[in-house]
Number of protein chains: 2
Amino acid sequence: MRVCDIGEFDLIERLKGIFGADAPPGVEVGIGDDAAVIQPAGKARLVVTTDALIENVHFLTRRIEPRLLGRRALAANLSDVAAMGAQPRYALLVLGLRSDANVEYVLELAKGMAELGAEHQTRIIGGDITRSPAALSITITLVGEAVNGVLTRSGAHPGDLIIVTGDLGGSAAGMGIAANPSAAASLPQEAREALLKRHCDPTPRVREGLLLARQGLATAAIDISDGLAGDLRHICEMSGVGASLDPEAIPIAHATRLAAAWLGQDATVLALQGGEDYELLFTCTPANADAVVAALVPTPVTSVGAILAEPGLRLVGPAAERYERRLHSYDHFRAPSGG
Amino acid sequence: MRVCDIGEFDLIERLKGIFGADAPPGVEVGIGDDAAVIQPAGKARLVVTTDALIENVHFLTRRIEPRLLGRRALAANLSDVAAMGAQPRYALLVLGLRSDANVEYVLELAKGMAELGAEHQTRIIGGDITRSPAALSITITLVGEAVNGVLTRSGAHPGDLIIVTGDLGGSAAGMGIAANPSAAASLPQEAREALLKRHCDPTPRVREGLLLARQGLATAAIDISDGLAGDLRHICEMSGVGASLDPEAIPIAHATRLAAAWLGQDATVLALQGGEDYELLFTCTPANADAVVAALVPTPVTSVGAILAEPGLRLVGPAAERYERRLHSYDHFRAPSGG
């Protein structure tokens, strides 16, 4: 069944069934009016972010199932709210669909989104459906509530440690596997599956962002969507500082190293530039380092460098020279060699 | 200069210059972080809406200047917030751009958006820029504040009057003129210009929505984006009522009648189905009719029908039969004959 067979309004009714027709707590008016109406919790600040995924730019429909695509689209936004230290609450969804888009496909996508939303207390409360002549596009606006302070990119100070949660490069390695799944059969099954999940179904660090904000432990934070090097640069620019980064300190999973070798790539380069790992990158004072580790248990955290007064990103340690010339992050409009 | 020549981050810097780098009142964190942070006014409810315009579906770049396109994209969202009776405050912008998109074009578009925003106390405080392989897409999320009650689609009661602001069909007539501007030279210049403005640069009824909400005068409201018939149906469905509508009572400007004749179309059909007039359609008790007129001065308001207990939309008056078979509203996915 195609979208043009049932029409926009019927499709909206079916989506309402998936997202829940009742207005969740805090929502006075949900799906179906000109706008949604939210009653923010007393004194909460609202955190608002928006992000688009476009077919053939951010994903290939033949390489990701619609349910996972729905999860991944929401995860990118959840991760942005997590990096602000806020609780994600409400999402608005804009779908750009071809007239001949398959209704089942769209509903599966919505189910994935609703599912991941439920895992993070987030409901889809409105949006827009529109015809898109060529590509499928998924644009999500996410509203979160910050009851305690928020984490921003702009509070890093010289002397702060630079910390990352989890491990990096896994999403880029997973993308390489997704591009050539049959050849990837030579990799251990467990590694293959873990990396595919990293790429297709990343876990946004909502819990960790909330804990850091609540306990006032981070001086600055960002989620890693452009790659460690690029996102660290964003923190430096917004904070008016520089940073030293030790490539050998970057946490990289064994599975990522195996896949990088199979791909003929350097695992550290995947971690520095791969992007879409959706780990948190944050800074804290050395005095708070132990408290950070304790607060985030069982999530592993690793110190990868330090904030400097002089602007710019400087690699340090024995591997510095090897990676110095390869430092650039992803820009949607420029060739990979252009940074 | 193309977007791929300067890159995403440079483009964002230039857009910041247009949208204003300082955080406006109520905004703690603006453009440049993972999310924007809003401190809502005490006890205000927040109204959130999102809407996409896609090239070759909603507009043709050769028929509308970028500055006007920017205004029109924001106007559609402002109109949704107006229909809720709220004050628009903050906007997030997602631009999907081809790599070879012209930077000047994008900046002009942003200027139009900033300009119309300023006319309605609305600032662009964040967003996302992404590559779009084929078409230009503009997705805006608008956040408004409702200090008094909100207007919804669901409060209409049998016996209520059905009211529209301004006049209808002008946007559809303007679209006809934009499609063939040289042939339209036979129309009086004033009419031509007025209708082109209706189509390319509509005025959202923000003031009127706020007045209706503040004075509690409307029982239900919607903005006319799908055409009078379709949008009245939305009110009926959400309110669980029906409606009678007198086609001859619909306010239609003289310029629209002239253009309809030139287009070989029926002006009333343009008003019923044309869409994108961005007038308000609302209901009120007969006892409040005079108060509505007085409250909205100098904006003209016209009663076009009444809410009925029985579901369905019924045309009444001498012209009822003529339009009965042509009643359908715009569905983005179905052919015009499909309703």
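What's the FRET efficiency of A:ARG214 with B:HIS254 using the Cβ-Cβ distance as r and R₀ = 45 Å, to the nearest 0.05? The value I calculate is 0.10.
Considering only DSSP states other than H, G, I, E and B, which chymotrypsin sites (Phe, Trp or Tyr not before Pro) in the range B:18-123 qualify as loop sites with at most 16 other Cβ atoms within 10 Å? Qualifying residues, ordered by number: none.
Calculated accessible area for the range A:43-170 comes out at 28 Å² per residue, all protein chains present (probe 1.4 Å; ligands, DNA, RNA ignored). For chain A, the relative contact order is 21 percent, taking Cα pairs closer than 8 Å that sit 6 or more residues apart in sequence and dividing their mean separation by the residue count. Annotation for A:ILE12 and A:GLN265: the two label points, set 7 Å from Cα along the Cα-Cβ direction, are 4.1 nm apart. Taking the label point 7 Å along Cα→Cβ, A:GLU193 and its counterparts in the other copies are spaced 7.0 nm apart, in ascending order. Beta bridges per DSSP, both residues in the range A:50-139: antiparallel share near 40 percent. Rounded to 0.05, the FRET efficiency of the B:GLN39 and B:ARG63 pair, given R0 = 56 Å and the Cβ-Cβ distance, is 0.85.
For the range B:167-213 and the range A:239-263, compute the distance between their C-alpha centroids and round to whole Å. When both Cα centres are located, 57 Å separates them. In this structure the amide hydrogen of A:ARG89, modeled in the peptide plane, comes within under 5 Å of the amide hydrogens of A:VAL143, A:GLY144, A:GLU145, none closer than 5 places in sequence on its chain. Simple spin-label estimate for A:GLU119 and B:ALA289 gives 5.7 nm between the two label positions (7 Å along the Cα-to-Cβ direction from each Cα). Relative to the longest principal axis of the Cα atoms of chain B, the long axis of helix B:170-179 makes an angle of roughly 60 degrees. What is the helix-to-structure angle for B:3-19, meaning the angle in degrees between its Cα long axis and the longest Cα principal axis of chain B, kept from 0 to 90 and rounded to the nearest 10? Here the helix axis deviates by roughly 60 degrees. Backbone geometry of the range B:264-274 corresponds, through the Karplus equation with coefficients 6.51, -1.76 and 1.60 at θ = phi - 60°, to 3J(HN,Hα) couplings of x, 10, 8, 4, 5, 5, 4, 6, 5, 10, x Hz, x marking Gly and Pro. The same position B:GLU310 in the other copies lies at 8.5 nm from this copy, comparing label points 7 Å beyond Cα toward the beta-carbon, shortest first.
Roughly how tilted is helix A:189-200, in degrees to the nearest 10 and between 0 and 90, from the longest Cα axis of chain A? Its long axis makes an angle of about 70 degrees.
Inter-label distance, A:ASN56 to B:ASN102: 2.3 nm, where each label sits 7 Å from its Cα along the C-beta direction.
Return the whole-Å distance between the Cα centroid of the range A:133-159 and the Cα centroid of the range A:65-85. If we compute the Cα centre of each part, the gap is 11 Å.
With a Förster radius of 35 Å applied to the beta-carbon distance between A:THR299 and A:GLU321, the computed FRET efficiency rounds to 0.65. Listed by chain and number, the lysines whose alpha-carbon sits under 29 Å from that of B:LYS16, ignoring those within fewer than 8 places in the same chain, are A:LYS43, B:LYS111, B:LYS197. With its label point defined 7 Å out from Cα along the Cα-to-Cβ axis, A:VAL57 lies at 1.4 nm from the matching points of the other copies, in increasing order.
The values are calculated or read from the model by the stated rules, or taken from the named source; none is laboratory data. The structure presented is a predicted model; accordingly, all values stated were derived computationally and were not measured. Methodologically, a virtual Cβ is constructed for each residue, glycine included, from the backbone with ideal geometry; neighbour enumeration extends over all protein chains shown. Accessible surface areas use protein heavy atoms only, side chains included; no ligands, DNA or RNA. Shrake-Rupley method; radii C 1.70, N 1.55, O 1.52, S 1.80 Å.
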